[in-house]
Amino acid sequence: MSEKPLAALKNQNVAEITFADHTRLALQVFSDTIIRVCPIDALANPSYAVVVKPQPTHFTVQVEAGVAAISTAALHVKVYPDHHMDVYDQNDRPLIMDYRGQRQPLNRDLAADETSLLEEEGHAGHEAVNAAAALTLIKQLDPDEVFYGLGDKTGFMNKRGYEYENWNTDDPAPQMENFTRLYKSIPVLYGLRQGRPYGLFFDNPYRSHVDLGKESPDYYAYSVVHGPLNYYIIGGHRLADVVANYAHLTGTVPLPQRWTLGYQHSRYGYQDAPEINQIADDFRQHDLPCDALYFDIDYMHGYRVFTWDPARYPDPEMLITQLHKKGFKAVTIIDPGVKREPGYPIYDDGKKHQVFVKTPAGKDYVNRVWPGHTVYPDFGSTKTRQWWGQCHTALTQIGVDGIWNDMNEPAAFDGPIPDDTVFSDNDKKSTHAKMHNLYGHNMSHATYAALKEQTGRRPFVITRAAYAGTQRYATVWTGDNHSLWAHLQMMIPQLCNLSMSGFSFAGTDLGGFGSDTTPELLTRWIEAGLFSPLFRNHSALGTRRQEPWLFGESTLAIYRKYLKLRYRFVPYLYDLFALAQSTGRPVMRPLVYDFDQDRQVYDIDDEYLIGDALLAAPVVTKGKTSRLVYLPAGQWIDFWTGAVIAGGQEIQTAAPLDTLPLYGQAGTMIPWGPAHDFITDEPDRAMSFKVFGDAASYDHYQDNGYDFAYQKGEFNQYHITFAQGKAAVMLTKAGYPAGLYSHITVTAGDQSFALQLENGKYQRIDKN
Ligand code: MIG
């Protein structure tokens, strides 16, 4: 090697590499499976995403034949004098290897003057997204390598062959796989190289770009417009472990209130208090379970945040009280833009406290959103977050149960916000270029903290824009989809990749937001989305209305069937959320998550798992009444018929319009809750458990479902076993005595066992 030598030494949790050109690189060891890479002088930079500190970990640093070798029990990293780096797993098999060849940009056959020609005709010219890149990483691509993650990008489960950007964007056009960016930037990438899993988390909020083998079959690339380079190499035995390691790095999803797992209904365009009340009554009258109704922007007075239109909502507190009596929670939208209007108290107060972002010349920066000319709260400032949080008392004091944050990319109607607009970064002066992708994150943070303080309940915040780590504060939805079959299809990879990227609590607008839905599409959507963690029907102003009773009796009957079914699964979903919080294991999962050694599942876009017990294979194609279902190795039980089916094969199954093909994995068990029209703070009195196969055991979690008492030990845990024809329930923790079930039923096939609580123990009370 002609390069001058490098030096490497170990300094606490950091391997410090000094190159001949005097640049200094840090490999900071967080654990056996997590190594951060950044310049040494960037080590102390704060992160919005990462919540853990490096744990004491044994690792070695050596220089051999001019190459630095850094090894933990799980990862071996080699750093070369020419700055290249290779990462191997514990058995020295390649995971992430630098590409040493030349980059070959795509040939678009386009001269500069032809680009403007195309734009004139109305075609968007392809932006040279990498042109402005300050830093680039290029890694070898194995012929067999596949990619997942990246949050809520469009397209398919496996991201190989596509390019994506991280620059939070509100683009209402129908989002298809040619979209490189959406509302969120969650730069975590998972790869499987010859079945060996790894993760790369690029923790830099500036605009970035990834090319996953689109340019070339020989490499994949990451680039970012501004440094420092700051990324994490994540290892793990299985893909599931890598995903959990990432979740712990950036924080797991906090346990939500139980009612948030019920069905929720929304529409942009509900006119006034009588109409909202009518919708609530219609749900009950049609025997449709529902837990929440939403208030979109038109509840406000001229789109002024924290106001109500006095003509259409003369007494919002009374309206919310009425909704609560009918068993509905109320969720109001709050956009970040504050109308620039002297005399409007929120604006005046914000101005007084200097909470809005500024032009470089020091004036409030103004753009235009719904209310007209608006200013933007500077959420990267602690003072602004507290001020914004305080504004929410106007809503929490009248009983609002959740806050829906929209337009927080942030959206701006009069063209993009200039890069040099002054935004705060951890209370220090920074730029829009750096803080753009963090705007929704910091807004969610402010909202979460306010709701927690003002209500004492687990905050329900739903946000459109997000960065890595926002899952600690908010639920997300995927923004403005359309009532298109292609968007029903996209729901599955989008939600699965979101949950692999830390966001277990996510949903799409069921039925589709833009464009007109059809009875068949709406039906297949409510089936396919049955286990969508956030289960909300939402539609746009001016589109065909999407209340399920508007499509005739047969559509209504199927819709009702699935809403009722959803409530039966709420205890299972709640258990999965408790597990997601403690283990980082997602609720909704692509098949590759649990079966990463089965190449047949790498490109499955139309099936998903819910925990490890259930596999859903919805029909997502118009006119189909049967489909092929791939069942991974093992045995599967048809949820509807109880038929036992061998896995490791593709089967043909009938799926008439009212049927969601659904399978239980043999050897698992799920709770099966009582029927509900809505979820209250009252605990269930009895619970059932369904066994798939001949034997299974299960740990069930229960708490009051709404506040933080569980953190002080106020929860129950039940260990349920079924083996050799016998069912037993052990109470392994009884910290929430008021909730203890008086009766438990365990069913396995056509056998059923009834147990009853007697003297702190569950005893069999049947003769079965
Ligand atoms: O489209 O507040 O994604 O859910 O209904 C304009 C109105 C702005 C976009 C959100 C959508 C919401 C709508 N908003």
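The values are calculated or read from the model by the stated rules, or taken from the named source; none is laboratory data. Note that this is a predicted model, so its numbers are computed, not measured. Counting neighbours? That spans all protein chains shown, and the Cβs are built from the backbone with ideal geometry, glycine included. Just so you know, the surface numbers come from the protein's heavy atoms only, side chains and all, with ligands and any DNA or RNA stripped out. Shrake-Rupley method; radii C 1.70, N 1.55, O 1.52, S 1.80 Å.
Structural remarks
- For V601, neighbours were defined as the other residues whose beta-carbon sits under 10 Å from its Cβ, and their charges (Lys and Arg +1, Asp and Glu -1) total -4.
- T18 accessible area, 1.4 Å probe, all protein chains in place, Å² to nearest 10: 40
- Distance from segment 240-276 to segment 415-452 (C-alpha centre basis), Å: 22
- The simple spin-label model puts a point 7 Å past each Cα toward its Cβ; for R685 and E453 those points are separated by 4.2 nm.
- 222 nm mean residue ellipticity, helices alone, for the chain (DSSP H n ≥ 4; -39,500 (n - 2.57); rounded to 500): -6000 deg cm²/dmol
- Taking 1.306 mPa s as the viscosity and 10 °C as the temperature, the Stokes-Einstein diffusion coefficient of segment 181-317 based on its alpha-carbon Kirkwood radius rounds to 80 µm²/s.
- Paramagnetic reach from L757 in segment 677-695 [backbone N under 15 Å; point 7 Å along Cα→Cβ]: 682-688
- In segment 614-732, one over the average inverse separation of all distinct C-alpha pairs is 16.8 Å, which is the Kirkwood hydrodynamic radius.
- Taking the 1.4 Å solvent-accessible surface of segment 174-318 as the whole, the part contributed by carbon and sulfur is 52%.
- Report note on the peptides 612-619, 515-522: ranked by the mean count of other C-beta atoms within 10 Å, highest first, their order is 612-619, 515-522.
- Whole-Hz couplings from phi, Karplus 6.51/-1.76/1.60, listed for segment 4-13; x for Gly and Pro: 6, x, 10, 10, 9, 8, 9, 10, 6, 8
- Zone of A695's modelled label, taken as backbone nitrogen in segment 631-667 under 15 Å from a point 7 Å along Cα→Cβ: 666-667
- Comparing segment 263-316 with the 2.2 N^0.38 Å rule of thumb, its C-alpha radius of gyration ratio is 1.18 (two decimals).
- Segment 363-483 - percent of accessible surface contributed by carbon and sulfur, probe 1.4 Å: 50
- Cα convex hull, the chain: 176 Å³ per residue, rounded to a whole number.
- Options Q175, N704, N245, ranked by Cα towards positive dipole end of the chain, top entry (Cβ charges): N704
- Longest stretch of the chain clear of exposed loop sites (chymotrypsin sites (Phe, Trp or Tyr not before Pro), DSSP loop, at most 14 other Cβ atoms within 10 Å, sites excluded): 1-412.
- Size-normalised alpha-carbon gyration radius of segment 456-529, reference 2.2 N^0.38 Å: 1.17
- By the rule of a C-alpha distance below 17 Å, with chain neighbours fewer than 8 residues away ignored, the lysines paired with K733 are K712, K761.
- Whole-angstrom Cα spans of segment 155-248 along principal axes, big to small: 40, 27, 25
- The chain, relative contact order [Cα under 8 Å, separation at least 6], %: 10
- Charge dipole magnitude, Cβ of K and R +1, D and E -1 - segment 320-428, Cα centre, debye nearest 20: 440
- Charge dipole of segment 196-308 about the Cα centre (unit charges at C-beta), most positive-ward option of P205, A292, A273: P205
- For q = 0.20, 0.24 Å⁻¹, Debye-computed log10 I/I(0) when each Cα of segment 703-768 counts as one equal scatterer: -0.80, -1.00
- Probe 1.4 Å, protein heavy atoms only - accessible area per residue of the chain in square angstrom: 37
- Solvent-accessible ranking of H248, H700, largest area first, probe 1.4 Å: H248, H700
- P(r) histogram, all alpha-carbon pairs of segment 127-195 included - 10 Å bins from 0, percent: 17, 48, 30, 5
- With each label modelled as a point 7 angstrom along the Cα→C-beta vector, the F708-Q724 pair spans 4.7 nm.
- Spatially, segment 364-393 and segment 22-73 are offset by 38 Å when compared through their Cα centroids.
- Full extension of the chain between T359 and T18 gives 118.8 nm of extra length, using 0.36 nm per residue less the Cα-Cα distance.
- Radius of gyration, Dmax [segment 372-429; alpha carbons; angstrom]: 13.7, 40
- Sequence of K429, K139, K363 when ordered by accessible area, the most exposed leading, probe 1.4 angstrom: K429, K363, K139
- Mean separation of Cα contacts under 8 Å, 6 or more apart, over the residue count of segment 126-232: relative contact order %: 36
- Solvent exposure, largest accessible area first (probe 1.4 Å, DNA, RNA and ligands not counted), of E758, E453: E453, E758
- Residues of type lysines that K326 reaches as a straight line, Cα spacing below 20 Å, ignoring anything fewer than 8 places off in the same chain: K564
- DSSP beta bridges confined to segment 648-750 are antiparallel in about 75 percent of cases.
- Take every pair of alpha-carbon atoms less than 8 Å apart whose residues are at least six positions apart; their mean separation over the length of segment 448-488 yields a relative contact order of 30 percent.
- Remark: C-alpha extents of segment 351-505 on the principal axes read 48, 37, 28 Å, sorted largest to smallest.
- Put simply, segment 11-78 fits an ellipsoid with semi-axes of 20, 16, 8 Å; these come from the alpha carbon gyration tensor as the roots of five times its eigenvalues, largest first.
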